[in-house]
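Visitor: Submitted below is the structure of interest, expressed as structure tokens.
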Amino acid sequence: MTNMDGVDFVKDIYPNLSETERVRVDLAAAYHLIEYFQMSDSIYTHISARLPGDKEYFIINPYGTRFSEVKASELVTIDLNGTIIDDPCGMGANPAGFTIHSAIHGARPDVKCALHTHTIAGVALSSTQSGILPINQWSLQFYHGVSRHKYEGIALNLEERERLVCDLGEQNKVLILDNHGLMTMGENVGEAFTLMYNLERVCKVQMSVLASGQPVNTIDSDVCDLTYNQYKHFSEISQRGGFHAEWLAYLRLLEKVSPSYKE
Ligand SMILES: [Zn+2]
């Protein structure tokens, strides 16, 4: 099915797809992966992707579907004002999802995908004042570039969007929503998903360490900086034919466990 670097696999997965269609397939894949790795929260939380082109449209899941039911052809297209452009299932979009994702896509054109979760570990960490502690290798990829946003209730108030994007800042790709959950962003769906996969593991480890009550080893700040930069370097050298090797690995997994995403 595939060679080792996955480039042939890409041709199998994306046969003659336009850039827009590829974004739809990638976004649907992210929903299935979030469910597969047990990071979903029933029908809640949301992942969005900005569509290529001049118009400021983004796509999101039909409200009410389980993540493993999401299909590329059924995603809801919405503009930054909340107007539904296309809704193949007639299910609409989660209003809180619109508030959060329209804020990010409106303020950060560099963000092509925004991914939000409520997991046990993520909500637990978001409820701590310390945020992510630099206490293990995984956590050091988040040593810089993480923002926080204070909880204001379920995100139905559109005025919150201004404060949310102000807290996110102009460059960060990780946002801890205090007492609520996690958000990651990427230049493509794969980057946002991979960041979330790693962030989730960081949260699980940190909450386990804190629960142990044991004294914690510290890591010198210069080693933290070094490791942060090493992570960035590894990400850059992991490109395969325009795709990140890790994203291709996840798509190959979905071909075995949940191939309906690309329908
Ligand atoms: Zn939420």
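Visitor: Quick test for you: out of I34, I78, pick the one residue that is among the hydrophobic types (A, V, I, L, M, F, W, C), in a strand (DSSP E or B) and modelled with pLDDT of 90 or more. Quick ask: steps written out before the conclusion?
Guide: Working: I34 fails: in a strand (DSSP E or B).
The match here is I78.
Visitor: For R66, only one of the following conditions fails: (1) of a type in the set (D, E, K, R); (2) open to solvent by 70 Å² or more (accessible area, probe 1.4 Å); (3) within 16 Å of the ligand (Cβ to nearest atom). What is its number?
Guide: (3)
Visitor: Anything in the stretch 166-176 that is closer than 12 Å to A103 by Cβ and either within 13 Å of the ligand (Cβ to nearest atom) or in contact (Cβ under 8 Å) with a residue 60 or more places away in the chain (or both)? List them, or say none. Before you say what the answer is, go through the steps one by one.
Guide: At the first step, the residues of the stretch 166-176 found to be closer than 12 Å to A103 by Cβ are 166-168, 175.
Once the filter is applied, which keeps residues that are closer than 12 Å to A103 by Cβ and either within 13 Å of the ligand (Cβ to nearest atom) or in contact (Cβ under 8 Å) with a residue 60 or more places away in the chain (or both), the stretch 166-176 yields L168, L175.
Visitor: Here are the criteria: (1) open to solvent by 30 Å² or more (accessible area, probe 1.4 Å); (2) under 27 Å from N198 (Cα atoms). Tell me which single one S73 does not satisfy.
Guide: Condition (2) is where S73 drops out.
Visitor: Can you pull out the residues in the stretch 111-167 that are part of a strand (DSSP E or B), open to solvent by less than 70 Å² (accessible area, probe 1.4 Å) and charged (D, E, K, R)?
Guide: Our first condition is that a residue be part of a strand (DSSP E or B); within the stretch 111-167, this holds for 113-117, 146-149.
Right, trim to open to solvent by less than 70 Å² (accessible area, probe 1.4 Å) and you get 113-117, 146-147, 149.
Correct list: empty.
Visitor: Within the group I59, I47, I34, I13, which residue is over 26 Å from L164 (Cα atoms) and surrounded by 20 or more Cβ atoms within 10 Å (Cβ to Cβ)?
Guide: Values: I59 fails: over 26 Å from L164 (Cα atoms); I47 fails: over 26 Å from L164 (Cα atoms); I34 fails: over 26 Å from L164 (Cα atoms).
Criteria check complete, one pass: I13.
The values are calculated or read from the model by the stated rules, or taken from the named source; none is laboratory data. Predicted, not measured: the structure shown is a model, and the values here were computed from it. Positions of Cβ are generated from backbone atoms using ideal geometry, with glycine treated the same way; all protein chains shown enter the neighbour counts. Calculation scope for accessible area: heavy atoms of the full protein, side chains included, ligands and nucleic acids excluded. Shrake-Rupley method; radii C 1.70, N 1.55, O 1.52, S 1.80 Å.
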